[in-house]
Amino acid sequence: MTTEINLQANLLNHLNNEQTQADPEVFQWTKQWYPIAVVEYLDPSRPHAMQLLGKDIVLWRDGAGKWRCFEDVCPHRLVPLSQGRVEADGTLLCAYHAWRFDGQGQCVSIPQSIDQQTEANNCENPKSCAIVYPTQENQGLLWVWAESGEQAQKESQLRKPRLVPELEEKSDQVVQLFWNFRDLPYGWDYFMENVADPAHVPVSHHGIVGDRYKDAKYYDMIPVRKISTQEGFAFEIQPTSGNIEQAIHDFQPPCHMRIVSFPKDGGKFILALYATPTRPGWCRHIGCQVFVKNSQGKTPAGLSIFGLPLPTWLGHVLASLFLHQDMLFLHYQEKVIAQRRKGKWLSAVFTPNPQDKMVITLRQWLDQRAGGGIPWAEGYRHDLALGETEPQQLFDVWKTHTQHCTVCQNALTNINRLKVSAYIVAAVLCLLAVMIDARMVATQAALAQSLTVLPPLGFWLALGSGVLFAVVGYLLQKFSRLFYVYEFQHFRNP
């Protein structure tokens, strides 16, 4: 036990070097911009229920084409506005009594009023207004400020969201791949821990990124930006491997982890990863890959197959192959630590290797700079419930992605159409083969020929084509399952 404490203390002393002055600030979680959704994947014809820091919110697009965010309650009887409708006039209608709200949250219609003057008076009452959160669209993402009210509107204009600087350059040297998103069944802090830990990649993601038996090697993590309440911290990996000259992991609170690799032949590869805390034990991950070409115009290699120019929907579907490789044990890790932890996080774990420096620093930032963790909305329990009893629930792709993504919904519709068409064509071709065979038998009987004569070529062509289309339909049916669920176990991954 003494050895363990000494090892951990040495690591912390190293991380605290030249950082002896206490930072008086405490990070304010609610006075921040958070990415909530990818704009092009949202359906503008309906409202969308979301959560942010434990608050129930609703996203919808008004008549001016601007995405809005309200608290997900109607001020009348507190039913969810997300169960309502976006009307043709660009207002949000509550499905309970048809009260309508404009983009500023003002109630503009109360149909049950006795007369127009009474309706106007009630609509002018501040109690009839929806609670509005500031929003902005930037770099293809919809950002929401985590406080409401007039003061929040002013404060939100003074702070910029954590953008990807390279995407602001608008240069033909910068290539961005599609945004992806997923609701993950583990908390914000465990997401950030995971992406601050490069050592897990070749082990957890064996077969996609690295080899668990060959690539789990020693390296050190060197601080390159001192810990700061508002700006986070950054570490460099040493030594790097392969064609990489330098690799930096850069944490920028409240929600951004920027992983940058510099190939030896120039250029830059960036993993832009966001995690928005939605509710205890869950976060929404949004991420993309960004490439900066070298002086010869060559694009660096990306993350395995995900660095290829895949159709957006296919990239989303295949993302499960990667995300589910560590999702299950991260979910249960969070539950185990919550049950065993007494006092500080470091007391519950054993972290003797330098690969854990950035994870330790993240926990240090949370404890010393950010109030110990996320301040969930009033009414939410801060302690975690027990983990899901059925792992299959955690592998649900429909609830955590597809039902929120119009691109994947459209792709699934087209795949189902192709599947049905393939089965229909297969049935027609097999019927044609039967008809050809029956016709031949009838001809043979008329000519009193031997029944051992093989069917004609047309029969075999029709039958073979029918079987082929049936196989295509079956494969499409199997593939479409990835839009709903993808189960993974490491013992099955050789």
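The values are calculated or read from the model by the stated rules, or taken from the named source; none is laboratory data. Everything numeric here is computed off the predicted structure, so don't read it as measured data. In this analysis, Cβ positions are derived from the backbone assuming ideal geometry, glycine residues included, and neighbour counts consider all displayed protein chains. These area figures cover heavy atoms from the full protein model, side chains too; ligands, DNA and RNA do not enter into them. Shrake-Rupley method; radii C 1.70, N 1.55, O 1.52, S 1.80 Å.
Subtracting the Cα-Cα distance from 0.36 nm times the residue separation, let me have the gained length for Thr413 to Asp172 in nm, one decimal.
83.3 nm
Using Cα-Cα distances under 8 Å and only pairs 6 or more residues apart, what relative contact order does the chain have, in percent?
Value for the chain: 15 percent.
Defining a contact as two alpha carbons under 8 Å apart and six or more residues distant in sequence, what relative contact order in percent does region 85-141 show?
For region 85-141, the relative contact order is 23 percent.
Ranked by accessible surface with a 1.4 Å probe, highest first, in what order do Arg68, Arg284, Arg340 come?
On the way: Arg68 40, Arg284 10, Arg340 170 Å².
Largest accessible area first, the residues go Arg340, Arg68, Arg284.
Angle check, please: helix 406-447 long axis (alpha carbons) against the longest principal axis of the chain (alpha carbons), in degrees 0 to 90, nearest 10.
10 degrees
Could you compute the FRET efficiency for Ser347 and Ala98, with r as their C-beta to C-beta distance and R0 at 51 Å, rounded to 0.05?
FRET efficiency, Ser347 to Ala98: 0.40.
Semi-axes, largest first, in whole Å: what does sqrt of 5 times each Cα gyration tensor eigenvalue give for region 118-164?
Equivalent ellipsoid of region 118-164: 30, 12, 7 Å, largest first.
Quickly work out the Ile305-to-Ala88 label distance, labels modelled 7 Å from Cα along the C-beta direction, and quote it in nm with one decimal.
In this crude spin-label approximation the distance works out to 4.6 nm.
Which of the listed residues, Leu167, Leu461, Gln246, is farthest toward the dipole's positive end in the chain, when Lys, Arg count +1 and Asp, Glu count -1 at the beta-carbon?
Among Leu167, Leu461, Gln246, the one farthest towards the positive end of the dipole of the chain is Leu461.
Let me know the charge dipole size of the chain about its Cα centre in debye, to the nearest 20, where only the beta-carbon of Lys, Arg (+1) and Asp, Glu (-1) is charged.
Working: 44 positive and 47 negative charges, 187 e Å.
Its charge dipole is roughly 900 debye.
Past 21 Å, Cα to Cα, is the threshold; run Lys170/Lys293; Lys31/Lys160; Lys264/Lys298; Lys399/Lys478; Lys170/Lys264 against it and keep the listed order.
Checking Cα-Cα distances, Lys170/Lys264 exceed 21 Å.
Projected onto the charge dipole of the chain (+1 at Lys/Arg Cβ, -1 at Asp/Glu Cβ, origin at the Cα centre), which of Ala319, Ile436, Cys74 gives the Cα projection farthest towards the positive end?
Value computed over the given set: Ile436.
Provide the solvent-accessible area of Ile244, counting protein heavy atoms only and rolling a 1.4 Å probe, rounded to the nearest 10 Å².
Looks like 50 Å² after rounding.
Going 7 Å from the Cα of Lys335 toward and past its Cβ, which residues in region 362-381 have a backbone nitrogen under 20 Å from where you end up?
Correct set: 381.
Given the Cα-Cα distance of Val428 and Ile248 and 0.36 nm per residue of separation, how much length would full extension add, in nm?
58.9 nm is the gain from fully extending Val428 to Ile248.
Give the angle, between 0 and 90 degrees and rounded to the nearest 10, that separates the Cα long axis of helix 2-15 from the longest principal axis of the Cα atoms of the chain.
The answer is roughly 80 degrees.
Let's see if you can work this out: charge +1 on each Lys and Arg Cβ, -1 on each Asp and Glu Cβ, no other charges. What is the dipole magnitude of region 218-301 about its Cα centre, in debye to the nearest 20?
280 debye
For region 305-415, with every protein chain kept in place, what is the accessible area per residue (1.4 Å probe, Å²)? List each step's numbers first, then the result.
Working: 5280 Å² over 111 residues.
I get 48 Å² per residue for region 305-415.
Quantify, in whole percent, the carbon and sulfur part of the accessible surface of the chain (1.4 Å probe; protein heavy atoms only).
Of all accessible area on the chain, carbon and sulfur atoms account for 56 percent.
Using +1 at the C-beta of Lys and Arg and -1 at the C-beta of Asp and Glu, which of Phe306, Asn493, Leu184 has the Cα lying farthest in the positive direction of the dipole of the chain?
After comparing all options, I get Asn493.
For region 280-384, with only Lys/Arg (+1) and Asp/Glu (-1) charged at the beta-carbon, what is the dipole magnitude about the Cα centre, in debye rounded to 20?
Dipole of region 280-384, to the nearest 20 debye: 220 debye.
Ranking request for peptides 249-260, 44-55: highest mean number of other beta-carbon atoms within 10 Å first, then the rest in descending order.
Listed from highest to lowest mean packing, they are 249-260, 44-55.
Want the number for Val467 to Ala120: 0.36 nm per residue separation, take away the alpha-carbon distance, what's left?
Here the answer is 118.1 nm.
Obtain the nm distance between the two label points defined at Gln238 and His76 by a simple spin-label model: each point lies 7 Å from its Cα along the Cα-to-C-beta direction.
Here the modelled spin labels are 6.5 nm apart.
Between helix 312-340 and the chain, what is the angle of the helix's C-alpha long axis to the longest principal axis, kept within 0 to 90° and rounded to the nearest 10?
The two axes meet at around 50 degrees.
Three principal axis extents, largest first, for the C-alpha atoms of region 52-150, in Å?
That gives 46, 27, 25 Å along the principal axes, largest extent first.
Could you tally the net charge around Val58, taking each other residue with its Cβ under 11 Å from the Cβ of Val58, Lys/Arg +1 and Asp/Glu -1?
So the surrounding residues net to 0.
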